[in-house]
Amino acid sequence: MATSALDGLTTAVKGRVVERGDSGYDDARALFNAMIDKHPAAIAYCVDDADVAAAIQFARRRGLRLAVRCGGHNGAGLASVDDGLVIDLSSMNAVTVDPGARMVRVQGGARFGEVDRATHEHGFAVPAGIISTTGVGGLTLGGGVGHLSRGAGLTIDNLVAATVVLADGSIVQTDLERDPDLFWAIRGGGGNFGVVTSFSFRGHPVTKTMQAGPVLYDIGDAAELLRWYRDFLPAQPEALTGFFAFLSIPPGPPFPEELHLRKVCGVVWCYNGEDDSPALREARSWGTPLLDGIAPVPLPDWNSAFDAVYPAGDQWYWRGEFVSEIPDDAIEQHVAFGEAMPTWKCTMHLYPIDGAPSRVGSDETAWAYRDAVWAQVIAGVDPDPANAGAIRDWAVSYSDAVRPHTLGTGYVNFQMQETGDKVRAMYGPNYDRLAQIKGHYDPDNAFSVNQNIVPA
Ligand SMILES: Cc1cc2nc3c(=O)[nH]c(=O)nc-3n(C[C@H](O)[C@H](O)[C@H](O)COP(=O)(O)OP(=O)(O)OC[C@H]3O[C@@H](n4cnc5c(N)ncnc54)[C@H](O)[C@@H]3O)c2cc1C
């Protein structure tokens, strides 16, 4: 790409610009998933809405492809683009709490840890993911699943308004009344419709500390545990949640040394309440755990408890499926692949999304699969690039093996980059409406580095 395509970029945007060849370029282009190695022409660190608009217009005039980066966590590396312009939002990370209204306004480049800390001191939280370094932008626009989903809904179910910079550089406020189609589409439709520079969320009360932690078992207990879990959890109050997991015990404190790196199965429980509850007590009394790590913990600490295990720079290859039932045949496959995890950071999680998410209609937001009970993710992870093939093969074979027992598609944020029918399937019956809305707001597909919805 000729360097001249970037002439004038540093005057067009107020924020810092890093171009190929500049010192710091490799750090600036790095993504969370080190398996994805993209070389953009430039990264523009936008500082406000006008800067974002200027960057979009610059890229479009010069014929540069655009990517938008918030936390850079996307497993498929959708926050960057070869030879194009990355709009980096990390300087736009203000979090403004309105304690009386139990609302929070978050700029489009913030990470969820910043939101958790700001809201927790006022006794509430926005339901989001289980890692604090994940970007608010990508997680929210895809849907948002985590420890509070069962009781408080997906992240998008708590989005009440947004500011969006559109493909033509105009800036709109959207909610249920203003540009309602756009508001519908950004609740699950990813970054297809514009750059969201501000999100306004409704919060939910959380206790000062929650009862949370993993209860882990010998992997030989997996079939029995999964059978019990699939029947037990959906019958419990929504203040209790827990995701089933295959994992290896991390090789460090607070885990006892004799358990380090042991492959296990378990449930990572979280009860939004100060005290023990009968449901949690019953959950903890199942079987003979190797380790019961449940303890009182403030939500911001709980939402960052896995951060150290999954830092930026590992190799990632993952797949996700929606699950409404876990028949015994599926359990057999799960156990076989759980036992075969090729490296210690590989994992499988089943996140419960029954409860509050299921009370929103499938056509009320772009997230179509409201009848799913779990969002499953199979993640091959390892720091060593030499293991990239092994973790990818494991994740793909595992996903292929259990897919017949799933809804055949999954959560848009738990995928590598897909196209065509696979993206269509992620949105199911909502795809055609999304394509119409895309055709209206982004007819030239300026925002194409995402799970792309083709403009109708
Ligand atoms: C370790 C780890 C743990 C995770 N845990 C969870 C979890 O518990 N729950 C969950 O739901 N998901 C989880 N995810 C998935 C996560 O939601 C997605 O990877 C998501 O894309 C990350 O958001 P981000 O802003 O960091 O992504 P980025 O990589 O910055 O962006 C991802 C996509 O969103 C677009 N985008 C980002 N911000 C904006 C914006 N402001 N406006 C317009 N478009 C934007 C980008 O263009 C890109 O297409 C996890 C991911 C990882 C790696």
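The values are calculated or read from the model by the stated rules, or taken from the named source; none is laboratory data. Just so it is clear, the model here is predicted, and its values are computed rather than measured. Here Cβ is always computed from backbone atoms with ideal geometry, including for glycine, and neighbour counts include all displayed protein chains. In case anyone asks, the SASA skips ligands and DNA or RNA and just uses the protein heavy atoms, side chains included. Shrake-Rupley method; radii C 1.70, N 1.55, O 1.52, S 1.80 Å.
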Checklist entry - In a shell of Cβ-Cβ distance under 12 Å around ALA79, excluding ALA79 itself, what net charge do Lys and Arg (+1) and Asp and Glu (-1) give? => result +2
Checklist entry - Just how far, in whole angstrom, is the range 302-340 from the range 115-163 if you go by their alpha carbon centroids? => result 21 Å
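Grab the Cα-Cα distance for ASP276 and LEU261, subtract it from 0.36 nm times how many residues apart they are, and report the gain in nm with one decimal.
2.4 nm
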Checklist outcome for this item: ASP307 neighbourhood, Cβ < 12 Å, K/R = +1, D/E = -1, net charge -1
Checklist outcome for this item: 1/(1 + (r/R0)^6) with r = Cβ-Cβ of ALA295 and ALA223, R0 = 25 Å, i.e. FRET efficiency to nearest 0.05, evaluates to 0.35
Checklist entry - Spin-label point model (7 Å from Cα, Cβ direction): what's the THR288 to ASP400 distance in nm? => result 3.9 nm
Checklist outcome for this item: Reduced to Cα centres, the span from the range 389-456 to the range 14-63 in Å works out to 25 Å
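With a 10 Å radius around each residue's Cβ, average the other Cβ atoms per peptide and rank 312-322, 274-284, highest first.
Highest-to-lowest ranking by the protection proxy: 312-322, 274-284.
Find out how many positive minus negative residues lie around LEU166, taking Lys and Arg as positive, Asp and Glu as negative, among other residues whose Cβ is under 10 Å from that of LEU166.
Result for the local shell: -3.
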Item to check | Mean Cα-pair separation over length for the chain, i.e. relative contact order, pairs under 8 Å, 6 or more apart, % | outcome: 16 percent
Checklist entry - Per residue, how much accessible area does the range 210-414 show when a 1.4 Å probe rolls over the protein heavy atoms, in square angstrom? => result 37 Å²
Checklist entry - Which chymotrypsin sites (Phe, Trp or Tyr not before Pro) in the range 127-211 pass both tests, a DSSP loop state and at most 11 other beta-carbon atoms within 10 Å? => result none
Checklist outcome for this item: Scoring the range 13-52 by relative contact order with C-alpha pairs under 8 Å, at least six apart, yields a percentage of 57 percent
Checklist outcome for this item: Dividing the mean separation of Cα pairs under 8 Å (6+ apart) by the residue count of the range 210-414 yields a relative contact order in percent of 27 percent
Next on the checklist: Quick check: pseudo-label points 7 Å beyond the Cα along Cα→Cβ at ASP26 and ALA312, how many nm apart are they?
Outcome noted: 1.5 nm
Checklist outcome for this item: Here the gain from full extension of VAL172 to ASP7, 0.36 nm per residue of separation minus their alpha-carbon distance, amounts to 56.5 nm
Checklist outcome for this item: Here the residues of the range 413-452 lying in the modelled label zone of ASP181, meaning backbone nitrogen under 13 Å from a point 7 Å along Cα-to-Cβ, are 432-443
Checklist outcome for this item: For the range 1-108, the percent of accessible surface on carbon and sulfur atoms (probe 1.4 angstrom, ligands and nucleic acids excluded) is 45 percent
Checklist entry - How long is the gain from ASP329 to ASP432 if the chain were fully straight, where each residue apart is worth 0.36 nm and the alpha carbon distance is subtracted? => result 33.7 nm
Checklist entry - LYS14 to LYS422: FRET efficiency via 1/(1 + (r/R0)^6), r the Cβ-Cβ distance, R0 25 Å, to the nearest 0.05? => result 0.05
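Apply the a/c threshold of 1.5 to the C-alpha gyration tensor of the range 219-293 and tell me whether it is rounded, prolate or oblate.
Oblate is the answer for the range 219-293, as a/c is 1.5 or above yet b/c matches or exceeds a/b.
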Next on the checklist: So for each of 424-436, 128-140 I average, over its residues, the number of other beta carbons within 10 Å; can you give me the resulting order with the highest mean first?
Outcome noted: 128-140, 424-436
Item to check | In range of the label at HIS39: residues from the range 59-73 whose backbone nitrogen is under 12 Å from the point 7 Å along Cα→Cβ | outcome: none
Checklist entry - With each run of n ≥ 4 DSSP H residues scored as -39500 (n - 2.57), what mean residue ellipticity at 222 nm is computed for the chain after dividing by its residue count and rounding to the nearest 500 deg cm²/dmol? => result -7000 deg cm²/dmol
Checklist outcome for this item: By the Cα gyration tensor axes a ≥ b ≥ c (a/c under 1.5 gives rounded; else a/b larger than b/c gives prolate, otherwise oblate), the shape of the range 382-456 is oblate
Checklist entry - What is the antiparallel percent of DSSP beta bridges lying wholly in the range 3-88, to the nearest 5? => result 25 percent
Next on the checklist: Rounded to the nearest 20 debye, what is the charge dipole size of the range 210-414 about its Cα centre when +1 sits on each Lys and Arg Cβ and -1 on each Asp and Glu Cβ?
Outcome noted: 280 debye
Checklist entry - Could you give the alpha-carbon Rg of the chain over 2.2 N^0.38 Å, rounded to two decimals? => result 0.95
Item to check | Karplus (6.51, -1.76, 1.60) ³J(HN,Hα), θ = phi - 60°, over the range 258-275, in Hz, Gly and Pro reported as x | outcome: 5, 9, 3, 6, 6, 6, 9, 10, x, 10, 9, 8, 7, 10, 7, x, 6, 9
